[in-house]
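The values are calculated or read from the model by the stated rules, or taken from the named source; none is laboratory data. Just so we're clear, the structure is a prediction, and the values are computed from it rather than from any experiment. Note: ideal-geometry Cβ built from the backbone for every residue, glycine included; neighbour counts use all protein chains shown. Note: accessible area is taken over every heavy atom of the protein model, side chains too, but ligands, DNA and RNA are not part of it. Shrake-Rupley method; radii C 1.70, N 1.55, O 1.52, S 1.80 Å.
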Amino acid sequence: MFDPSAYGDGLASVYDRLYPHTPEADQAARFIAGHAPGGRLLELGVGTGRLALPLAELGMRVHGVDASAQILAKLKERDPEGKITTTLGDFTADLPEGPFDIVLIGLNTLFMVPDRDKQIETLRLMGSRLGEGGVAIVETYDPWYYHRLTEPRVDVHHIGEKEIMIDTSYVSRSTQTVYIVHTTIDGGIPEKIVEISRYAWPSELDLMARIAGLRLRARYSDWEGGPVRDDALRHISIFEVDNGGE
Ligand SMILES: C[S@@+](CC[C@H](N)C(=O)[O-])C[C@H]1O[C@@H](n2cnc3c(N)ncnc32)[C@H](O)[C@@H]1O
């Protein structure tokens, strides 16, 4: 049985060292906020606020949903004034009512939803919470990075003076799924968390979005609005509600 809180609860203590605050997060926030300055924003899988905090700094009214109580506790430490409203829950099942001007799912989090139909349902829910003229923003990696792997891939991250994380990625091409075993080694008993990433190509994402009642408005390869070329490693897709008009 898939547990959406497992990833966040397992990685909460190291998450900010794995994905530290970088200038790119500020750039991403400026890009996202540019779609509805000062507006209402809902983030699915808000995490520890890597994007949500700079978005709130820019004046956005941010509501974040996350399935992990431990991740939300970390966010609370970084946001003592409570600028970000949070909801503990599974975003594939329900979302705050809204309406919102932007509904965001960043950092490949849509792919953490482990099957296609649930991904479609997540996109449908995102669209249902958009107000007039609102947009859904979806950040995903290009599947090429994993889909070409014929052997397990091992990456080592140094996350502290005496701590490393070993990521071992196993790809199932037939199900478009990568299983990433995150092993943290800090001198104690190694801890393992398995992340499941069910990936989709941009064309499939557009088809899933269409089934979910959305249509692509624009797609970029980075948070500066760069064009998508054949070697793009990432896609930032902007969807709007497809109401049948032009
Ligand atoms: C890769 S992290 C991204 C966090 C943050 N958006 C960022 O950019 O740093 C994914 C987050 O989504 C949460 N998550 C994954 N699946 C979820 C689900 N079905 N419902 C709610 N939260 C989920 C995890 O707990 C984690 O905090």
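Cross-link partners among lysines for residue 162, C-alpha distance below 18 Å, same-chain residues fewer than 8 apart left out?
Output for residue 162: 192.
Scan segment 79-137 for GluC sites (Glu not before Pro) in coil per DSSP, keeping those whose Cβ has at most 12 other Cβ atoms within 10 Å, and list them by number. Please list the in-between numbers first.
Values: sites: 81, 97, 121, 132; in loops: 81, 97.
Passing both the DSSP loop test and the Cβ count: 81, 97.
Per 0.36 nm of contour for each residue apart, how much would the distance between residue 17 and residue 61 grow if the chain were fully extended, relative to their Cα-Cα spacing? Mind dumping the intermediate values first?
Values: separation 44, 0.36 × 44 = 15.84 nm, distance 2.60 nm.
Full extension of this stretch gives 13.2 nm more.
Near the amide H of residue 104, under 5 Å away, which other amide H atoms are found, from residues 5 or more places off or on another chain, if H is placed in the peptide plane?
42, 43, 44, 137
Along Cα→Cβ, 7 Å out, is where each label goes; now give me the distance between the ones at residue 164 and residue 77 in nm to one decimal.
Those two pseudo-labels are separated by 2.5 nm.
How large is ³J(HN,Hα) for each residue in segment 158-168, as worked out from phi by the Karplus curve 6.51 cos²θ - 1.76 cosθ + 1.60 (θ = phi - 60°), to whole Hz, x for Gly and Pro?
So the J values, rounded to whole Hz, are 8, 10, x, 4, 10, 9, 10, 10, 9, 9, 10.
Can you tell me which aspartates and glutamates have their Cα less than 20 Å from the Cα of residue 76? Leave out same-chain residues fewer than eight positions away.
Output for residue 76: 9, 16, 26, 43, 57, 66, 90.
Count the net charge of all other residues whose Cβ sits under 12 Å from the Cβ of residue 160, scoring Lys and Arg as +1 and Asp and Glu as -1. Intermediate values should be presented prior to the final figure.
Working: positive: 17, 162; negative: 16, 161, 163, 186.
Net of charged neighbours comes to -2.
Work through the residues other than residue 27 whose Cβ is under 15 Å from its Cβ and net out their charges, Lys, Arg +1 and Asp, Glu -1. Please list the in-between numbers first.
Values: positive: 30, 50, 234; negative: 24, 26, 57, 139, 222, 224.
Spelling it out: positives minus negatives among the neighbours equals -3.
Using modelled backbone amide H atoms (1.01 Å from N, in-plane), which distant-in-sequence or interchain residues come within less than 5 Å of residue 84's amide H?
none
Could you provide, to the nearest whole Å², the per residue accessible area of segment 145-197 with probe 1.4 Å? Write out the running numbers ahead of the final one.
On the way: 3290 Å² over 53 residues.
Accessible area per residue, segment 145-197: 62 Å².
Report the residue, chosen from 43, 161, 224, that carries the largest GNM mean-square fluctuation when the chain is represented by alpha-carbon nodes joined by springs under 10 Å.
The residue that fluctuates most here is 161.
Taking the Cα atoms of the chain, report the difference between the largest and smallest coordinate on each principal axis, in whole Å and largest first.
So the extents along the principal axes, rounded to whole Å, are 57, 45, 36.
Give, in nm to one decimal, the length gained when the segment between residue 9 and residue 218 is fully stretched (0.36 nm per residue of separation minus the Cα-Cα distance). Intermediate results must be reported in sequence, preceding the final value.
Numbers: separation 209, 0.36 × 209 = 75.24 nm, distance 3.40 nm.
Using 0.36 nm per residue and subtracting the Cα-Cα distance, I get 71.8 nm.
Could you name the lysines whose alpha carbon sits less than 17 Å from that of residue 74, not counting residues in the same chain fewer than 8 places away?
Residue 74 reaches 83.
Roughly how many nanometres apart are two label points built 7 Å out from the Cα toward the Cβ at residue 124 and residue 145?
Spacing of the two 7 Å Cα→Cβ label points: 2.9 nm.
At a Förster radius of 25 Å, what calculated FRET efficiency corresponds to the Cβ-Cβ distance of residue 93 and residue 207, to the nearest 0.05?
Values: r = 23 Å, r/R0 = 0.92.
It comes to 0.65.
Any idea what % of Cα-Cα pairs in segment 145-197 are farther than 14 Å?
Details: 735 of 1378 pairs.
Here the long-distance tail beyond 14 Å is 53 percent of all Cα pairs in segment 145-197.
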